[in-house]
Every structure is written in C-alpha cells, then in structure tokens.
1. Would you check which residues across the stretch 63-97 are among the small types (Gly, Ala, Ser) and open to solvent by 30 Å² or more (accessible area, probe 1.4 Å) and list them?
2. Pairs only if they're at least six apart or on different chains, beta carbon under 7 angstrom, first in the stretch 45-66 and farther than 12 Å from Leu114 by Cβ, second aromatic (Phe, Trp, Tyr) and surrounded by fewer than 16 Cβ atoms within 10 Å (Cβ to Cβ); list them, first residue then second.
3. Among what's in the stretch 119-137 and is in contact with a Gly (Cβ under 9 Å, 6 or more places away or on another chain) and crowded, with 19+ Cβ neighbours inside 10 Å, pick the residue that is farthest from Glu72 (Cα to Cα).
4. Output yes when any residue across the stretch 102-118 is of a type in the set (D, E, K, R), open to solvent by less than 50 Å² (accessible area, probe 1.4 Å), in a strand (DSSP E or B) and modelled with pLDDT under 95, and no when none is.
5. Could you please find all residues in the stretch 119-142 being part of a strand (DSSP E or B) and among the hydrophobic types (A, V, I, L, M, F, W, C)?
6. Can you tell me how many residues within the stretch 8-62 are open to solvent by 50 Å² or more (accessible area, probe 1.4 Å) and either part of a loop (DSSP other than H, G, I, E, B) or farther than 20 Å from Leu139 by Cα (or both)?
Amino acid sequence: MSASYENFGIRFLYPENWSITEEQLDAWPRSVSVQSPSGAYWELQVYPSRMSPSRMTKQVLEAMRQVYNDIESKAVTEELGTVNAEGYDLDFFCLDFLVTSRIRCFWVGSRTCLLTCQAESREFDGQQPVFAAITKSLLDNA
C-alpha cells in the first residue's frame, strides 16, 4: 500500500512502511525525505525560483567531496518523465559501507527541485524501482 504526502505545493506517494521527515517547513529550501526500514532514502529539496541545475549539482558534488574521501562521480543527464534532469551518479565509502547515491536537479514550473536517492550499494538496485515510483508520482502531480 502507498501513503501520500502533500505539503508546500508538492504531492507524492511513497511506501507506507517508509518513514517521512519534513526538515524545513518555514524557510526555503523546503525539504522532505522518506526512508526505508533498511536505511535507503529519497529526499527532495524545493527552492522557490529557478536556479541552474548544473551549478546546483556541482555544489552538492563539491560538498560531498569535502565529507567523503575517494568519491567516484559520473555526470548524467536524464529524462524523468517529461522533465530533463541534470546530476551525478556517486559511489563512496561511509562507515565501511559502499554507498550509491543519485543526485538530480530539475525544474517544476518556477521551482527548482534537488532530488537525492541513496542506499547501500548492495541494496540500491533493489530500491531503484521504488525511488523511480516516488519520483514519478511527484512529477505526475506537479
């Protein structure tokens, strides 16, 4: 079964056994994340105006490089439904785990959305269809 999230002008569906956290509700960017019982997560940050997706994802990559040593990154452009997204595919070690992360930035109307999907690498491929379904429900309701 699916649960529904709706706030600050966005709406999406997510698995009902995942937990939801709203991190920023009264200032921009607004942020919401959903986390699986195993720790995989889908996080969305929404900015009030259009910002450069390329510049934003480069800033995120640089911030990640300051935290994690030997991060591997690959620049990607991807179509998410009818939306063009820019970002990076990342792999890095955290607490002896190999972590896979996908960062995508795109515009929805006049807003900029920064999306992060992340899981331990052995789990990522299994979670990818869930991440994609959450993202699709977000864009279908935009």
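1. Here is the first cut: in the stretch 63-97, the ones among the small types (Gly, Ala, Ser) are 63, 73, 75, 81, 85, 87.
Passing the criteria: Ala63, Ser73, Ala75, Gly81.
2. Hits for this filter: Pro48/Trp28.
3. Pass one, the stretch 119-137, residues in contact with a Gly (Cβ under 9 Å, 6 or more places away or on another chain): 119-120, 123, 135-136.
Okay, now just the ones that are also crowded, with 19+ Cβ neighbours inside 10 Å, so 119, 135.
Details: Ala119: 15, Thr135: 24 Å.
Checking each candidate, the answer is Thr135.
4. Of all residues in the stretch 102-118, those of a type in the set (D, E, K, R) come to 102, 104, 111.
Narrowing the set further to residues that are open to solvent by less than 50 Å² (accessible area, probe 1.4 Å) leaves 104.
Now drop any that are not in a strand (DSSP E or B), which leaves 104.
From what's left, modelled with pLDDT under 95: none.
No - not one qualifying residue is present in the stretch 102-118.
5. Going residue by residue through the stretch 119-142, those that are part of a strand (DSSP E or B) are 119-120.
Ala119, the sole residue that qualifies.
6. At the first step, the residues of the stretch 8-62 found to be open to solvent by 50 Å² or more (accessible area, probe 1.4 Å) are 9, 11, 13, 16-17, 19-26, 28, 35, 37-38, 41, 48-51, 55, 58-59, 62.
Add one more test, that the residue is either part of a loop (DSSP other than H, G, I, E, B) or farther than 20 Å from Leu139 by Cα (or both), and what stays is 9, 16-17, 19, 23-26, 28, 37-38, 48-51, 55, 58-59, 62.
The total comes to 19.
The values are calculated or read from the model by the stated rules, or taken from the named source; none is laboratory data. Because the structure is predicted, anything quoted here is derived from the model rather than measured. Methodologically, a virtual Cβ is constructed for each residue, glycine included, from the backbone with ideal geometry; neighbour enumeration extends over all protein chains shown. The area values use the complete protein model at the heavy-atom level, side chains included, leaving out ligands, DNA and RNA. Shrake-Rupley method; radii C 1.70, N 1.55, O 1.52, S 1.80 Å.
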